[in-house]
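The values are calculated or read from the model by the stated rules, or taken from the named source; none is laboratory data. All values reported here derive from a predicted model rather than from experimental measurement. Note: ideal-geometry Cβ built from the backbone for every residue, glycine included; neighbour counts use all protein chains shown. These area figures cover heavy atoms from the full protein model, side chains too; ligands, DNA and RNA do not enter into them. Shrake-Rupley method; radii C 1.70, N 1.55, O 1.52, S 1.80 Å.
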Amino acid sequence: MTTRQLTMLAVALLLAAWGFLPEFTVTMLNYIGLYALVAVGLVMLTGVAGMTSFGQAAFVGLGAYATAWFCTAPAGADLFGLSPGALALPWIGLAAGLLLSATVAWCLGEVTLRLSGHYLPLGTIAWGLSLYFLFGNLEFLGGHTGLAGLPALSIAGFELRSVRQLGLLTWAVLLLTLWALHNLLDSREGRAIRALKTGRVMAESMGVDTARYRIKVFVLAALLAGLSGWMYAHLQRFVNPTPFNLNIGIEYLFMAVVGGAGHLWGALLGAALITLMKQYLQDILPSLLGSSGNFEVIVFGLLMLLVLQRFSDGLWPSLARLVNRYLKPPQAVRNGAGDALAQRPLPERGSVVLDATSVSKRFGGLLANNNVDLQVRAGEIHALIGPNGAGKSTFFNMISGVDDPTSGSVRLLGRDMRAQASRVFAAVGLARTFQHVRLLGNRSVLDNVALGAHLRGHSGWIASMLRLDRTEEAALMREATRQIERCGLAPQLHETAASLALGQQRIVEIARALAARPSVLLLDEPAAGLPYMEKQALARLLSQLREEGMAILVVEHDMEFVMNIADRITVLEFGQVIARGTPAEVQVDPKVLAAYLGGADGETTP
Ligand code: ADP
Ligand code: MG
C-alpha cells in the first residue's frame, strides 16, 4: 500500500462510519476539523515559512463575526437588498469574512513581517489582543454578549442543521485544503516558500521576492482561519469574543507545533491531541483533585514542554516513520514529456557582461572595497584573489545585489544595477554561490538545485495547488537533474543536502546556480574542501562552461587551481586592486608576491 492509498482508505472509512458514530464523537471530530484548518495555516506560516503567530484566533474571529453580522443585523441584509434570513446571507458573510481576514492580514503583515527576531511573535500578540478587545467593545457586534440567532448553513437548498451534517462540510473543506497545500508545497512555489525560513538571502539570489512570499503565506493562513471561523459561527449559531482570545491563539500554535511543525498532516494530529486532551483533562482532573478549577491548563503546559523537548519537530515525523515501515516508498522521480525550459541566449563571446567601476564599500571605519574596477567578459574565467580579509566576498555582495556599494557603479549586461535587489540581478542573468554554503539542509539535492531554476518557471500558487503545473514542474525537475548529473552528483540526487560533505555541498550550489542558466556565474571559493580528483573535475566543468560562452568570476584560495583555469586575474589587498593580468603576469608581480609572503595565511602562497 502507498501513502496515498492509505489516506484514501482512511477517508473512505471515516465517510462510511460517519452516519453511525455517536453524537459526541461527531461533535469532537467536527471541532478537531475546525481547529485543524486553522492549525494547518499555522504549519504553513510557522513550521514551513518560519513566521510565528500567536494571534491566529483573531482571524478566526474575523471570519465568525463577519458572517454573524451579515446574518443577524438588518443593515447587513439591507446592503444587498435582501430580507433578513435570506439563504444567501451566510455566503455573503463568507465572502466578507475572507475579504476581511485577507485585508487585515495584508495590512498587519506589511507592518509586522518587517520585524525580525522576537519582535514578530510579540507583534502578533499585540494585534491578537487588539482584535479580541475590539470584538468585545464594538456596540454593533454585541459587545461581550456577542451576536446570536445565526441561521444554519444551507447548500443548494439542503440545510446543514446538525453537527453530523455540518461536520461533513468541515471535513470536506479540511481534506481539500490539505490536498491543495500538499500540492503547493510540492511545486516551484513550494520550494520558494520552504526557503523563507532559513534561506532568504539565498532565495532572493535565485530571484524569489521573499517579502512578497511572506505576505502571501501570512494571508493564506489568515484565510484558512477565517474560513474556519465561518463554519464555527454557523455550528454554534452565535458568536462572542471568548473563543478568539489570545489563549486560544496560543493553543492553535501548540497544535501546529506539537503535531507537525513543518508537516501538514501534523496539524490534524496536533488538533486532535490537544482537543481530546483538553476534554479529557477537564473531566478527570477536578474529580481527581477533589475541587474544581482550570487545572487542565497546568497539566497541559507541562505535557507541552515534555513533547516539545522530546520531539522538537512535532509528533508527526515519528508517527510517519512508524507507518512508513509498512508502506511502499513514494516514487521520487517525476519523468514525463513536455517542453524543455526556455533557454536564454548567452551574450556574444568577448563582450563585457559585468562591469564594476570604482566600487567602494565602507563598514564604519573600515574601507572593505576601495575603488575597485573589474570587468568580466563572456567566455572568460576571471579570478579574484587576495589574502583573507582583502574584501573579495564583500565585492561579490556588491556585484550581486546582496549589498549596495557605498559608491561606484555596477552594470550587468549593459544595465545599471544601482540599488537593485539581488533578485533583479538574477532576473537579468547572474547566478552565484556563497562562501558559507546556503542550502536547505533537510531538502534533497534535487529540490535545492531546482530552486535555482525558479525564474524559468511561471506557475503561480493557484495553478500549483490545483496541479496545473505538472508539465512545467517536470521540465524544471529535468533541468535540475541535468545540472546535477553534469556536476557529478547524480548518485546524491535524492539525498538531503546536509548529509553531503562540505565540498560536495559547494558543488550543489554550483549546480543550483547553473539551473538558472545564467550569463554570469559568480563562485565564492568553489574548490574549498574538495579532494584533488574532484577539484580536477570542477576545473573541467568550468572550462566547459567557458567554452559555452558563460562569463565566470571566481574567488579561490587554491593557487594551483586558479593559475590553471583563469584567463585573467585581479588581485585585491586591503580592499584595493594591487595587480591584474594573466596568470603568468600576476605570478611574477612583486606587489603580489609581497602581499602573499607578507600576508597572514601561508596556505595561499602562490
Ligand atoms: P575576503 O572575502 O576577501 O576574505 P571579506 O570581504 O569577507 O574578505 O571582508 C573584508 C573586510 O570587511 C574584513 O575586514 C571583514 O571583517 C570586513 N567585513 C565584511 N563584512 C562586514 C560587515 N557586514 N560588517 C563589518 N565588517 C565587515
Ligand atoms: Mg571571503
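Here the Debye sum runs over all C-alpha atoms of segment 23-171 as equal scatterers in vacuum, and log10 of I(q)/I(0) at q = 0.12, 0.13, 0.14 Å⁻¹ comes out as -0.60, -0.70, -0.81. Residues of segment 428-449 with an amide N closer than 14 Å to a point placed 7 Å from the Cα of residue 495 along the Cα-to-Cβ direction: 442-446.
Helix-only estimate, please: 222 nm mean residue ellipticity of the chain, summing -39500 (n - 2.57) across DSSP H runs of length 4 or more and dividing by its residues, to the nearest 500.
Values: 24 runs with 324 residues, N = 606.
Result for the chain: -17000 deg cm²/dmol, rounded to the nearest 500.
Among residues other than residue 50 with Cβ under 11 Å from its Cβ, the summed charge is +4 (Lys and Arg +1, Asp and Glu -1).
Net charge of the neighbourhood of residue 354, taken over other residues with C-beta under 9 Å away and scored Lys/Arg +1, Asp/Glu -1, is +1.
The slack in the chain from residue 533 to residue 373, taken as 0.36 nm per residue of separation less the alpha-carbon distance, amounts to 54.2 nm.
Candidate cross-link partners of residue 392 among the lysines, defined by an alpha-carbon separation under 18 Å and a same-chain spacing of 8 or more, comprise 361, 591.
Hydrodynamic radius of segment 486-606 by the Kirkwood approach over all distinct alpha-carbon pairs: 15.7 Å.
Would you work out the Kirkwood radius for the chain? I mean one over the mean of 1/r across all pairs of different Cα atoms, in Å. Walk me through the numbers on the way to the answer.
Values: mean 1/r = 0.0369 Å⁻¹.
One decimal place: 27.1 Å for the Kirkwood radius.
Summarise the accessible area of segment 3-324 (1.4 Å probe, protein heavy atoms) by the percent that is carbon and sulfur.
Values: 9800 of 14220 Å².
Solvent-exposed carbon and sulfur of segment 3-324 make up 69 percent of the total.
Before anything else, pin down the relative contact order of the chain: Cα pairs under 8 Å, at least 6 apart, normalised by residue count, whole percent. Before the final figure, lay out the partial values.
Details: 1111 pairs, mean separation 100.6, N = 606.
RCO, the chain: 17 percent.
Gain in length, residue 325 to residue 140, computed as 0.36 nm per residue apart minus the alpha-carbon separation, to one decimal in nm?
Values: separation 185, 0.36 × 185 = 66.60 nm, distance 5.58 nm.
My answer for the length gained is 61.0 nm.
Once the Cα atoms are used to define both axes, helix 56-72 deviates from the longest principal axis of the chain by about 40 degrees. Phi angles across segment 95-103 convert, under the Karplus curve 6.51 cos²θ - 1.76 cosθ + 1.60 with θ = phi - 60°, into 3J(HN,Hα) values of 4, 5, x, 5, 4, 5, 4, 5, 5 Hz, Gly and Pro given as x. Reported to the nearest whole Å, the Cα centre-to-centre distance from segment 1-41 to segment 97-122 is 31. The angle between the Cα long axis of helix 246-259 and the longest principal axis of the Cα atoms of the chain comes to about 60 degrees, rounded to the nearest 10.
Our coupling estimate for segment 47-55, obtained by passing each phi through the Karplus curve with A = 6.51, B = -1.76, C = 1.60 and θ = phi - 60°, is x, 8, 9, x, 10, 8, 10, 8, x Hz, Gly and Pro reported as x.
Considering only the other residues whose Cβ falls under 15 Å of the Cβ of residue 526, what net charge follows from Lys and Arg at +1 and Asp and Glu at -1? Can you show the working numbers first?
Details: positive: 392, 432, 438, 486, 506, 512, 535, 540, 546; negative: 509, 524, 525, 534, 556, 558, 560.
Result for the neighbourhood of residue 526: +2.
For segment 183-193, backbone phi angles converted through the Karplus equation (6.51, -1.76, 1.60; θ = phi - 60°) give residue-by-residue couplings of 4, 4, 5, 9, 8, 4, 5, x, 4, 5, 5 Hz, Gly and Pro being listed as x.
Among DSSP beta bridges lying fully in the chain, give the percent that are antiparallel, nearest 5. Write down the numbers at each step before the final one.
Numbers: 26 of 43 bridges.
The antiparallel proportion sits near 60 percent.
Picking from 391, 346, 368, whose Cα lies most toward the positive end of the charge dipole for segment 274-416 (charges on Cβ: Lys, Arg +1; Asp, Glu -1)? Farthest along the dipole direction, towards plus: 346. Separation of segment 464-543 from segment 368-400 is 23 Å, based on Cα centroids. The C-alpha atoms of the chain define a longest principal axis, and helix 502-514 lies at about 90 degrees to it.
In the context of the full set of protein chains, segment 503-570 has a per residue accessible area of 30 Å² (1.4 Å probe). As a ratio to 2.2 N^0.38 Å, the alpha-carbon radius of gyration computed for segment 441-517 takes the value 1.10.
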